[in-house]
């Protein structure tokens, strides 16, 4: 059953992701977090500057991907191994500046063999965002 | 002409003493708005702000939203930097009052479509609305805020000894222009190369920040930052020089690019700082008069020190 972020309007366009993997508790490890674009004019009364701009259907990205991203982030920001970095960690709150973020993205490109356009960098605010983007780009390959 | 109505010269090491600051004693010395031919660069060294009560007073200036954000940050040093950055912006802008006292708490900010912070004024603020443009940049050990009168401005700072995790030439090939890669590759000393990389990065960041765009909207591979000479000179009062640092578009469109003036500094002995300011529309290419940049070190509510012409603000070669 999908969980929706509160207040986020729902896009009527077909999604690009597959939910097949989401069925059955035994497949939990291969669930993927999907970000859907939102046509917010469907629900004008819910618009506010603080609203998240994506609808998050809750299927988690591979734990392995998130974990690798955390590793690369910790290395770039010289954080101790035991420091708490999770999918929800925001790069800015971890102390990453713009150069750190680009270095991290470059590290991810090399680790996963993908290419991330600079335009996408704006949407990478958390470790989870990076993991989602990686899996999306891997799928496209 | 005296820039500050009151320049307080206090030896900076006295700020390390614990002092109690009652709310009523907190006072922001007003500052005159720069002319259209000037820019101001304020900076703050977090390690010099040790007073617990002063930091507590600082928290009271922030909006509830800003305080919430600071509370979410893990790590005392990062929290402190986040707090001080917001305090520096609020207090600095509030000092440029043109029509009566501005409470730094009353200032409102929003972000443009690309995330650049801007001032937001209510309709009834028209009387006391100084035409201030600002941009901020910080590292763990320094916070800088550039201010102009009406001109878009971008500021970026990086620690001079910052290490780059990736291979510099690989990074440059991926994100910079061929011209810039060539220049970097021609530097044989790896440390000099690393420093040139950092200078280039701060200049490019300052440019996209001045434009209000950021790297996502204006990829660094679309424009080249070039220099005309390599001399190092101290920032002096007159500040006259040919434009040393220029920007060129990779696709050959040059029409708007002469509108931007760059200044590259070694700041506080520890950082590279790049400032990019839009030149006045009325100035043509032929009568280029560089805008004067005045550098001031500050601790809000405590004191300022002018750093122009000192070792703390050296115009550096590129």
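Annotations
- Within segment A:101-114, the only residue that satisfies the criterion of being more than 9 Å from chain B (Cβ to nearest Cβ) and closer than 18 Å to residue B:221 by Cα is A:105.
- Which numbered condition residue B:89 misses (of (1) more than 14 Å from chain A (Cβ to nearest Cβ); (2) touching a strand residue (DSSP E or B) at 6+ places or on another chain (Cβ under 7 Å); (3) in contact (Cβ under 8 Å) with a residue 60 or more places away in the chain; (4) under 30 Å from residue A:78 (Cβ atoms)): (3)
- Any hit, segment B:198-205, residues being without any contact (Cβ under 8 Å) to a residue 60 or more places away in the chain and out of contact with any strand residue (DSSP E or B) (no Cβ under 8 Å at 6 or more places or on another chain): no
- Residue tally, condition surrounded by 18 or more Cβ atoms within 10 Å (Cβ to Cβ) and not in a helix (DSSP H, G or I), over segment B:167-192: 2
- Residue that is nearest to residue A:95 (Cα to Cα), among those in segment A:115-141 that are assigned to a loop (DSSP other than H, G, I, E, B) and within 13 Å of another protein chain (Cβ to nearest Cβ): A:125
- Meets criteria (modelled with pLDDT under 90, within 14 Å of chain A (Cβ to nearest Cβ) and in a loop (DSSP other than H, G, I, E, B)) for residue B:216: yes
- Among residues of segment B:145-165, those that are over 18 Å from residue B:269 (Cα atoms), modelled with pLDDT of 95 or more and within 14 Å of chain A (Cβ to nearest Cβ), counted: 2
- Within segment A:73-100, the residues that satisfy the criterion of being more than 21 Å from residue B:137 (Cα to Cα), within 18 Å of the chain's Cα centre (by Cα) and at the interface with another protein chain (Cβ under 9 Å from one of its Cβ atoms) are A:84, A:89.
Residues checked against (1) touching a strand residue (DSSP E or B) at 6+ places or on another chain (Cβ under 9 Å); (2) within 14 Å of chain A (Cβ to nearest Cβ):
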residue	(1), (2)
B:46	yes, yes
B:49	yes, no
B:57	no, no
B:60	no, no
B:68	no, yes
B:80	no, yes
B:96	yes, no
B:117	yes, yes
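- The residues listed here are B:150, B:141; of these, the one that is touching a strand residue (DSSP E or B) at 6+ places or on another chain (Cβ under 7 Å) and more than 30 Å from residue B:280 (Cβ to Cβ) is B:141.
- Here residue B:139 passes the criteria (1) under 21 Å from residue B:59 (Cα atoms); (2) free of Cβ contacts under 8 Å to residues at least 40 places away in the same chain; (3) within 12 Å of chain A (Cβ to nearest Cβ) except the one numbered (2).
- Test: residue in segment B:131-143 that is modelled with pLDDT under 90, part of a loop (DSSP other than H, G, I, E, B) and touching a helix residue (DSSP H, G or I) at 6+ places or on another chain (Cβ under 9 Å): no
The values are calculated or read from the model by the stated rules, or taken from the named source; none is laboratory data. The shown structure was predicted, so the numbers you read here are calculated from the model rather than taken from an experiment. Every residue, glycine as well, gets a Cβ built from its backbone with ideal geometry; the counts of neighbours run over all protein chains shown.
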